[in-house]
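Nothing in this text is a laboratory measurement; each read-out follows from the coordinates by a stated rule. Keep in mind the model is a prediction, meaning the values are calculated, not measured. Here the Cβ positions follow ideal geometry from the backbone for every residue, glycine too, while neighbour counts run over all protein chains shown.
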Amino acid sequence: MLKPVDPQPQPPERPVGELVHELLENGKAYARAEFGLAKAIAAAKAKALALPLVLFGAAFVCALAAVTALAVGVVIALETFIGPLAAGFVGMLIFAAVAGLLGWYSYNRLRRDF
């Protein structure tokens, strides 16, 4: 035959006001922790975006330099009809290649990180 289990001594009941106060404090602590987590996630994403954005900016500057080099080359070519147009075109190709490589690298970094 089974013996009845000895009843454990019951802990004293706490007042409702104390329980509500503890519940509110736990809720506040949870909200603060969630907010801290959201801040940490946002900071990590912002840090990961910094380098690709700088590289996109550098690619944009190089693209502007390529257009400027082409424009200068065209102006000089119109003046003398030989040589400077090729130099302007080569300068444009160099800066366009740099802009393309920086843009490609920053795009791949964005795809990898996000």
Open item on the list: Over all directions, how big on average is the projection of the convex hull of the alpha-carbon atoms in the chain, in square nanometres?
Closed with: 14.9 nm²
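Placing +1 at every Lys and Arg Cβ and -1 at every Asp and Glu Cβ, with all other atoms neutral, what dipole size does the chain have around its Cα centre, in debye to the nearest 20?
Details: 10 positive and 8 negative charges, 55 e Å.
Using Cβ point charges on Lys, Arg, Asp and Glu, the chain gives about 260 debye.
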Task: Eligible lysines near LYS39 by straight Cα distance, threshold 19 Å, same-chain separation 8 or greater - done: LYS28, LYS47
Task: Extent along principal axes [Cα atoms of the stretch 74-114; Å; largest to smallest] - done: 51, 11, 6
- [ ] Please report the relative contact order for the stretch 16-113, taking Cα pairs under 8 Å with a sequence separation of at least 6, and give it as a percent rounded to a whole number.
- [x] 32 percent
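Would you mind counting up the charge near ALA50? Only other residues with Cβ under 11 Å from its Cβ, with Lys and Arg at +1 and Asp and Glu at -1.
On the way: positive: LYS45, LYS47, ARG109; negative: ASP113.
Within the 11 Å Cβ shell, the charges total +2.
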- [ ] Work out, step by step, the length gained on full extension between ALA86 and GLU18: first 0.36 nm times the residue separation, then minus their alpha carbon distance; give nm to one decimal.
- [x] 16.0 nm
